[in-house]
Amino acid sequence: MKISRISVYKKDLPLKDPYWLSGGRLKFEVLDATFVKLETDVGVSGWGEGTPWGHTYVPAHGPGIRAGIETLVPALLGQDPRLLELIERAMDVQLPGHLYAKQPIDMACWDILGQVCDLPIADLLGGKRDNGTPVASSVSSGEPDYMLAIIDDYRKRGYVAHSAKVGGSDTAKDIERIRYLEKHRQSGEIILYDVNRAWTRCEASIVMNAVSSLGVTFEQPGETLDDIAEIRKLTTSPISVDESLVTLQDATRIAREGIADVFGIKLNRVGGLTKARRLRDVAMAHGIQIFVMATGGTVMADTEAAHLAQSIPSEFMRACWSCQDMLTVDIAPGSGPRCKAGHITIDDTPGLGVTPDEGLLGDPVAVYTV
Ligand code: MG
């Protein structure tokens, strides 16, 4: 089997509501998504989606995916998409780094392998757990009552996990946010306080120590792994690392040095499932729990993340995400897993299990053939 044709689509994904991170420092309204269709000489095709969360969140951006794919194409056409680590190696040689540009290609290859094996990707990753995965809401930063209103809205839809965005330079306001939301947290609910790198070491120490008795988990409370390692020494609250977990080397350092208790694995950032499954294994070997999420995107990106999430035993799996619920557009109506009662559950459809309506993607912006 050989890759014979690669079609690339660009699609803007407007958010239903403007979204604020880092205590209001970063604003997001539209996501730039890239969809990739890999066709083979035997008639099987696979789909991938790469959707960074804007271009200010992490070093990844929509046009960069499409430029990266153009560079990768000579290393991909004619290759067997089922041989995932040969594809991975070919991409890493052709274009070192730029993991976010490789993720949609990797995703489409997994989709093809699953169809060929007649298994969902979660089974290829080791075996699908039958229980669904809790979905975390994503709560834009703002006044405490505004944030609680967002959580209340998600609660009505069955959500029990929430990622509340904090991280302003006003440490008193962050302390107020956390105390207010914890006061109104319901039994059995998880609220993760996501700083998205915004704090200095000093700010992290002030806020985390002020609320240490609440036992809440903070995600990415500093800019770098070095910052978080120092914040770790200054505080006692559990810590999740998200944006600074990119490579396998990052994962092994975090695990061995005890920098964090939780991994936040985002598929687009880490380069797709082939690389992400290694991060999963490092986490489980070190007693580290895991959030698995798309960086952003439609039901396709959510589904890729849900496959990995459902390959993880529940004692290690905290939550995944349903970014699709934050968008005004759906590129695969009636297809793929949706968030039901606060959970996403993969079915037994071989491969990815979701295919976009090509009519909704428009014409490809690039087509490459052998
Ligand atoms: Mg995060």
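The values are calculated or read from the model by the stated rules, or taken from the named source; none is laboratory data. All values reported here derive from a predicted model rather than from experimental measurement. We place every Cβ from the backbone using ideal geometry, glycine too, and count neighbours over all the protein chains shown.
Quick notes on this structure:
- Test for Glu88: is it within 23 Å of Leu248 (Cα to Cα), part of a helix (DSSP H, G or I) and touching a residue at least 60 places away in the same chain (Cβ under 8 Å): yes
- When Met317 is tested against (1) closer than 21 Å to Glu88 by Cα; (2) buried (at least 22 other Cβ atoms within 10 Å of the Cβ), only condition (1) is not met.
- Total residues in the range 190-210 satisfying the condition of being at pLDDT 95 or above, farther than 23 Å from Leu225 by Cβ and surrounded by fewer than 21 Cβ atoms within 10 Å (Cβ to Cβ): the figure is 1.
- Answer residue from the range 275-288, given it is more than 15 Å from the chain's Cα centre (by Cα) and within 16 Å of the ligand (Cβ to nearest atom) and is farthest from Ala251 (Cα to Cα) among those: Ile288
- Here Gly272 clears all of (1) within 16 Å of the ligand (Cβ to nearest atom); (2) farther than 20 Å from Glu223 by Cα except the condition numbered (1).
So that you can scan it fast, the table gives a plain yes or no per residue for (1) touching a residue at least 60 places away in the same chain (Cβ under 8 Å); (2) not assigned by TED's automatic domain parsing to the domain that holds Gly272:
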| site | (1), (2) |
| --- | --- |
| Arg82 | yes, yes |
| Met107 | yes, yes |
| Gly114 | yes, yes |
| Ser138 | yes, no |
| Ser141 | yes, no |
| Asp145 | no, no |
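- Pick from the range 297-314, criterion in a loop (DSSP other than H, G, I, E, B) and at pLDDT 95 or above, ranking: nearest to Ala164 (Cα to Cα): Gly297
Conditions tested, residue by residue: (1) within 16 Å of the ligand (Cβ to nearest atom); (2) surrounded by 21 or more Cβ atoms within 10 Å (Cβ to Cβ); (3) among the aliphatic types (A, V, I, L, M).
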| residue | (1), (2), (3) |
| --- | --- |
| Leu214 | no, no, yes |
| Glu219 | yes, yes, no |
| Glu223 | yes, no, no |
| Asp227 | yes, no, no |
| Thr236 | no, no, no |
| Thr247 | no, no, no |
| Ile265 | yes, yes, yes |
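- For the range 32-69, a residue qualifies if it is assigned to a strand (DSSP E or B), over 16 Å from the mean Cα position of the chain (by Cα) and among the small types (Gly, Ala, Ser), and the qualifying residues are Ser45, Gly46.
- Qualifying positions in the range 171-188 - farther than 15 Å from Met147 by Cα and either within 16 Å of the ligand (Cβ to nearest atom) or surrounded by 14 or more Cβ atoms within 10 Å (Cβ to Cβ) (or both): Thr171
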